[in-house]
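Data block below; observations after.
The values are calculated or read from the model by the stated rules, or taken from the named source; none is laboratory data. Worth saying up front: this structure is predicted, and the values here are computed from it rather than measured. A quick note on method: Cβ atoms are made from the backbone with ideal geometry, for glycine too, and the neighbour counts reach across all protein chains shown. Ligands, DNA and RNA are stripped out before the accessible areas are found, and what is left, the full protein with its side chains, is counted by its heavy atoms. Shrake-Rupley method; radii C 1.70, N 1.55, O 1.52, S 1.80 Å.
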Amino acid sequence: RVSHMNPRWNEPSDEAEYLSRFHKAIEMVGAEFMERLDFSAAAWWPARQLVQDAVDKRFEVDSSGEIMSLGQGGCPWKEHLLKLEEEQKIEPTIKFVLYTDPMGKWRVQCVPVDLGSFQNRVSLLKEWCGIRDEELSKLSGIPGCIFVHAGGFIGGNTTYEGVLEMA
């Protein structure tokens, strides 16, 4: 940590020692800066572009414009979506985001009212919460259901058509 870059009160030190420690601090800060720069260039901005593309195509997903699809793989989307909606004054706001999980199964996730909030703009149906698999498919009338979380903020289906219908 940078706070330990200065000599301790009971360590011998001179100008050369301070200079040496100063150069170590520069290296640490430089490495942190490069790591953040790399993250922004390689992950943050590309995710923002994927979210922007999904926002632009939301009416192709559903005529309401309240559902967007990130497609295969998804990406970190919440911060980007909320910021883009604010910047572009998007109305109506998006309520559901569709994407695949690492196993290739489809997810429908509710958009929170604010970043970090556990309150959704719209939740999945209360009667589906905590129900799984065939029982959920029978209850919902939607084939291929996998689950709806007990909190109603996310659900899964084996197909894109399934999560779209869930949304």
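Structural remarks
- Filter result (at pLDDT below 95 and either surrounded by 12 or more Cβ atoms within 10 Å (Cβ to Cβ) or hydrophobic (A, V, I, L, M, F, W, C) (or both)) within the range 101-112: ASP101, MET103
- Scanning the range 76-94 for residues that are in a loop (DSSP other than H, G, I, E, B) and under 14 Å from the mean Cα position of the chain (by Cα) yields PRO76, TRP77.
- Some residue of the range 123-137 being assigned to a helix (DSSP H, G or I), closer than 19 Å to LYS95 by Cα and either modelled with pLDDT under 95 or open to solvent by 60 Å² or more (accessible area, probe 1.4 Å) (or both): yes
- Residue in the range 38-58 that is open to solvent by 30 Å² or more (accessible area, probe 1.4 Å), within 19 Å of GLY151 (Cβ to Cβ) and outside any loop (DSSP other than H, G, I, E, B) present: no
- Here MET103 meets each of (1) under 19 Å from PHE147 (Cα atoms); (2) in contact with a strand residue (DSSP E or B) (Cβ under 9 Å, 6 or more places away or on another chain) with one exception, condition (2).
- Test: residue in the range 147-156 that is surrounded by fewer than 14 Cβ atoms within 10 Å (Cβ to Cβ), over 22 Å from the mean Cα position of the chain (by Cα) and of a type outside the set (Phe, Trp, Tyr): no
- The conditions of being without any contact (Cβ under 8 Å) to a residue 60 or more places away in the chain, part of a helix (DSSP H, G or I) and either of a type in the set (A, V, I, L, M) or touching a helix residue (DSSP H, G or I) at 6+ places or on another chain (Cβ under 6 Å) (or both) are not met by LEU70.
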